[in-house]
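Here's the structure we're looking at; comments come further down.
The values are calculated or read from the model by the stated rules, or taken from the named source; none is laboratory data. Just so you know, these numbers come straight off a predicted model, no measurement behind them. Cβ placement follows ideal geometry from the backbone for every residue including glycine, while neighbour counts extend to all protein chains displayed.
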Amino acid sequence: MAKQILITGGAGFIGSNLSIKLVGKGYTVTVLDNLLEQVHGGGPNPVLPAALTGKVKFIKADVRDKAAMLEAVKQADIIVHMAAETGTGQSMYETEKYIDVNCRGTAVLLDILLNEKHNVRKVVLSSSRAVYGEGKYQNKQGRVIYPNSRSEEQLSIKNFEPVGDNNETISALPTDEESRINPFSIYAATKYNQEQYISIACRAAGIPFVIFRYQNVYGPGQSLKNPYTGILSIFSTQIKNGNAINIFEDGLESRDFVFVDDVVNATTMGIENDAANNEIFNVGTGKAITVLTVANTLARLYQVKPEIKITGQYRIGDIRHNYADITKIERTLGFKPLIDFDAGISKFTAWVSGQQIESDNYEKSIAELKNKGLLK
Ligand SMILES: NC(=O)c1ccc[n+]([C@@H]2O[C@H](COP(=O)([O-])OP(=O)(O)OC[C@H]3O[C@@H](n4cnc5c(N)ncnc54)[C@H](O)[C@@H]3O)[C@@H](O)[C@H]2O)c1
């Protein structure tokens with residue numbers, strides 16, 4: 001059995017939960033992570049999350065640092081590549097950084113795999129449902145439609161639902177892995193680039209790979225400092241600071257919220273099961289939950305009554321709905337999401353309530369979007 005696992009970005013939300021699970025299963029885990037301040041805080045001296053201290057070998061380095069990556073890769077049987085810049089909205093103005101970390105960072109890893117001696121037997125990539133953009137829909141006749149990004153003209157008159165040809169009414173379907181790839185943001189494009197680079201290079205090198213397209217992951221360990229990503233943590237930080245919650249559009253936009261333990265289970269199956277090799281899998285629950293439901297449920301669980309403002313504003317590049325068709329991962333790997341939204345959000349809020357309250361920097365992130373003309 002492969003025993004040495006390298007997780008790039010392993011100090012982050014999903015990576016730290018995965019590390020703990022794999023250590024518990026007897027793997028030796030090395031985490032390579034630069035402890036990005038936006039995610040970890042800590043100013044010039046960020047520290048490894050306490051849950052990992054003493055459990056993993058830690059290399060504080062950037063994925064673009066070839067010497068550090070070489071040292072890490074040489075010890076690994078399996079690599080899980082998670083290090084990434086992850087803010088969809090932020091990627092629309094910090095474009096060079098997103099492409100540099102997500103694309104060049106992956107290229108540095110692949111250069112090592114293609115040119116250096118190593119024992120790597122599998123590469124697992126954390127990709128995103130963002131690669132599908134709006135995903136799969138159908139019209140009234142049942143014809144499958146992959147809508148384009150909603151027009152500003154449409155959004156400005158608060159017609160938020162995507163439309164088909166000639167503005168026909170369409171409804172969202174679960175998005176399967178064969179659905180059209182249609183990134184709407186730079187972040188999404190970098191995740192699809194990562195998929196392509198890894199599948200092309202690993203095939204050439206004869207190294208099996210597995211690509212997971214995670215839906216919206218939530219749960220304990222999610223950064224409460226990062227105002228650029230993670231709607232449950234952003235709303236929680238707003239509530240804990242006594243601030244109002246601002247909801248874009250009409251609040252009826254929806255996502256497939258998948259609990260981190262389920263994502264960790266799916267990823268572990270990809271590591272351990274050869275049936276996953278050279279395949280792409282959605283990871284989600286297959287259920288859509290509206291953003292308004294998320295806000296109301298958080299308020300109920302925190303036992304507060306925050307002002308919930310439905311602003312009618314919209315972000316350029318945002319999608320309206322997306323939820324996963326998980327048939328492939330169920331059939332191939334036997335994956336089933338075990339924690340439904342009600343149970344998961346209760347675990348999440350219980351965890352948040354035991355954490356230090358972080359300052360609410362959300363307004364700053366929103367002001368950035370507004371200044372760049374990306375929030376209308
Ligand atoms: N959380 C989600 O809902 C979600 C959904 C789809 C895909 N993903 C993907 O899963 C992966 C993990 O996401 P997460 O939610 O745990 O995010 P996260 O921000 O909590 O973790 C990412 C980690 O990568 C590290 N990192 C960032 N840039 C780095 C660099 N240049 N060098 C080394 N380390 C760097 C950060 O310090 C952080 O610890 C990412 O690749 C993300 O694109 C996440």
Could you tell me whether any residue of region 235-255 is at pLDDT 95 or above, within 11 Å of the ligand (Cβ to nearest atom) and more than 27 Å from K25 (Cβ to Cβ)? yes
How many residues, within region 174-189, are of a type in the set (G, A, S), out of contact with any Pro (no Cβ under 7 Å at 6 or more places or on another chain) and not in a loop (DSSP other than H, G, I, E, B)? 1
Quick one: count up the residues across region 299-354 that are of a type in the set (D, E, K, R), touching a helix residue (DSSP H, G or I) at 6+ places or on another chain (Cβ under 7 Å) and part of a loop (DSSP other than H, G, I, E, B). 2
For T285, are the conditions met, namely being touching a residue at least 12 places away in the same chain (Cβ under 8 Å) and buried (at least 17 other Cβ atoms within 10 Å of the Cβ)? yes
Just give me the residues in region 15-50 being within 14 Å of the ligand (Cβ to nearest atom), part of a helix (DSSP H, G or I) and in contact with a strand residue (DSSP E or B) (Cβ under 6 Å, 6 or more places away or on another chain), in sequence order. G15, S19
Residue match in region 216-229 (condition: within 24 Å of V123 (Cα to Cα) and among the hydrophobic types (A, V, I, L, M, F, W, C)): yes
Out of the residues in region 131-168 that are of a type in the set (A, V, I, L, M, F, W, C) and assigned to a loop (DSSP other than H, G, I, E, B), state the one that is surrounded by the most Cβ atoms within 10 Å (Cβ to Cβ). F160
For N166, are the conditions met, namely being among the polar types (S, T, N, Q) and either within 20 Å of D318 (Cβ to Cβ) or in contact with a Ser or Thr (Cβ under 9 Å, 6 or more places away or on another chain) (or both)? no
I'm trying to understand the selection: among the residues of region 190-228, which are small (G, A, S), more than 12 Å from the ligand (Cβ to nearest atom) and either in contact with a helix residue (DSSP H, G or I) (Cβ under 8 Å, 6 or more places away or on another chain) or in a helix (DSSP H, G or I) (or both)? S199, A201, A204, A205
Looking only at region 291-321, which residues are surrounded by 17 or more Cβ atoms within 10 Å (Cβ to Cβ) and polar (S, T, N, Q)? T297
Just checking, which of T88, T53, T95 is more than 26 Å from E116 (Cβ to Cβ) and within 11 Å of the ligand (Cβ to nearest atom)? T88
Would you mind finding the one in E96, E71 that is assigned to a helix (DSSP H, G or I), in contact with a strand residue (DSSP E or B) (Cβ under 8 Å, 6 or more places away or on another chain), of a type in the set (D, E, K, R) and free of Cβ contacts under 8 Å to residues at least 40 places away in the same chain? E71
Filtering region 80-93 down to residues that are part of a helix (DSSP H, G or I) and under 16 Å from the mean Cα position of the chain (by Cα) yields Q90, S91
Mind listing whichever residues of region 73-85 are over 21 Å from V264 (Cβ atoms) and within 13 Å of the ligand (Cβ to nearest atom)? E85
Would you point out which residue out of G270, G251 is outside any loop (DSSP other than H, G, I, E, B) and surrounded by 20 or more Cβ atoms within 10 Å (Cβ to Cβ)? G270
Say we look at region 1-14 and pick out the residues that are crowded, with 16+ Cβ neighbours inside 10 Å and more than 9 Å from the ligand (Cβ to nearest atom); which of these is farthest from K60 (Cα to Cα)? Q4
Given the structure, is Q138 more than 12 Å from the ligand (Cβ to nearest atom) and closer than 30 Å to L109 by Cα? no
